Amino acid sequence: MNLPRILLACLAATPALFAAEPVKSVSPDAALAILQAGNQRFVSSKTPDGKSEAVRRAETAQTQHPFAIVVGCADSRTAPELVFDQHVGDLFVVRVAANLAGEHALGSIEYAVAHLGTRLIVVLGHERCGAVQAALTTATAPGSINSLVRDIQPAVKATKGKPGDLLALTVKENAQQVAAKIRREAKLGELAKHVRVVVGVYDLDTGKVIWAKE
């Protein structure tokens, strides 16, 4: 079979694209502390006025070294850069409804760890998540929404019958299961021992991120 030359070139470049390279890194603990401090500023409305994003944009135009990966929900109210009061180039963000981690998300995480030096992965759920609410209501949904509802079902089953706010419990359980999946399925090689995966749940009312115990 004769493959187009451009496809052959892409295939030849693939090993180099995903080969680990030495890059500067912020430790997971230091990265988490930066996020926690940023969220405190966001909650207290003490974020600096007139942040110079133009300067930061120029600094990161040719390279990036985000200090944290955030796997978050696509919900318009939960932008990690705002929630954690960070700048352009600070966070490597993967967002899909219910902060799920499918194959594309895992590939993105693997790339950020191997190539960008990122060592902290945050799975960020949020209060009153609509996708989780839908999964609590039904096990099936029309179109591609069904893939979301389907992948949240393990969390729904895990919280069934537990006392308390069922939606809040399932949001947290879903985030924890996604974190466990990342730990289990992300192919990080030797870098895995340097990576920390944590779970947070964002409160839509207060703006605070509540961190789960590991």
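The values are calculated or read from the model by the stated rules, or taken from the named source; none is laboratory data. Quick caveat: nothing in here was measured; it's all calculated off a predicted structure. We place every Cβ from the backbone using ideal geometry, glycine too, and count neighbours over all the protein chains shown.
Points worth noting:
- Spans of strands (runs of 3 or more DSSP E) in the stretch 106-214 with at least 3 residues under 18 Å from the mean Cα position of the chain (by Cα), at pLDDT 95 or above and buried (at least 21 other Cβ atoms within 10 Å of the Cβ): 120-126, 196-202
- On inspection, residue 85 qualifies as among the acidic types (Asp, Glu) and on the phi > 0 side of the Ramachandran plot.
- The stretch 165-178 residues that are touching a residue at least 12 places away in the same chain (Cβ under 8 Å) and over 17 Å from residue 97 (Cβ atoms), paired with ones that are buried (at least 24 other Cβ atoms within 10 Å of the Cβ) and not acidic (Asp, Glu) (beta carbon under 7 Å, 6 or more apart): 176/199
- A count restricted to the stretch 49-87 and to residues that are at pLDDT below 95 and of a type in the set (A, V, I, L, M, F, W, C) stands at 4.
- Test: residue in the stretch 153-167 that is within 19 Å of residue 119 (Cβ to Cβ) and hydrophobic (A, V, I, L, M, F, W, C): no
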